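Written out below as structure tokens is the structure these notes cover.
Read-outs: derived from the displayed coordinates by stated rules, not from any lab. All figures in this text were calculated on a predicted structure; none of them were measured in a lab. Glycine gets a Cβ as well: all are built from the backbone with ideal geometry, and neighbour counts include every protein chain shown.
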Amino acid sequence: MNAPSIRPAKLADAIAEHVQQMILEGSLRPGERLLSERELSAKLDVSRPSLREALDKLIAAGFLTTNAQGVAHVSNQIGKSLRDPLLQLMDTPEARIDCLELRAEMEAAAAAFAAERASSVDREAITRCFQAMTVAHEAQDVDEIARTDAEFHFAIYEASHNLMMMHFMRSIESILRSNVYLNRKNLYEHRREKDSQLREHQAIYDAIMAGDVEGARDAARLHMTTAMRTQREIYEAERRLEASIRRLARGDIVATKKARAAEA
């Protein structure tokens, strides 16, 4: 009996698998535009017919979409199943705290994985994000602080090299970015020590750069625990204020003694 022949993989299949793997790893993100066929075939050093066949396969599989001009983009539908339906439900103080509780566990694990697995490219990305956050703090630009904070945490998720974790967090990216943004603004504006959050991020950053797995885990968990405690204090203070305002406003809807007497 003859041994089965080993056939080389078809070039179009190899190209499709390469691009698909980049999407899976997060190197290519939802909505990103690919190069033109001519540029992409030159970059990958493959023929345009083989490239076109590979792109058609990825479009059919739902990984890519094309616009009216035939330009290919990574599909915006990838990992989107948890995003939109939850956005309105999650826009409450209670849900934001729930999100913080989830993040406390995920951030700790991601930081530990990043300390253990981050490549030199990952470390450079995390460093750029941390430096941008530092500049925003120096400028006391709250909006920029919130934005760079979110970027820093997403860079750590990518550096974790845990595909399930990364794609799960990307699936709730809109919620997560909103949570980071709103909480960051709240916490920055309410904390007496404005630099305390930067110091907490510095501890996470230093541990990851040092490859200190447990140190990174502990620093991330401490950061999230502190955020949750401060957020709960803010929430409780807001509830007390609202209750006080309602008591002051009761006179607008409760009949006076004189009006009650007139009705008797």
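Key figures
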| read-out | value |
| --- | --- |
| Met22/Ala237 FRET efficiency (R0 41 Å; Cβ-Cβ; nearest 0.05) | 0.30 |
| The stretch 154-165 - phi-based ³J(HN,Hα) in whole Hz, Karplus 6.51/-1.76/1.60, Gly and Pro as x | 5, 5, 5, 4, 5, 6, 5, 6, 10, 4, 5, 4 |
| Nearest-0.05 FRET efficiency for Met164 and Ala210, computed from C-beta distance (R0 30 Å) | 0.70 |
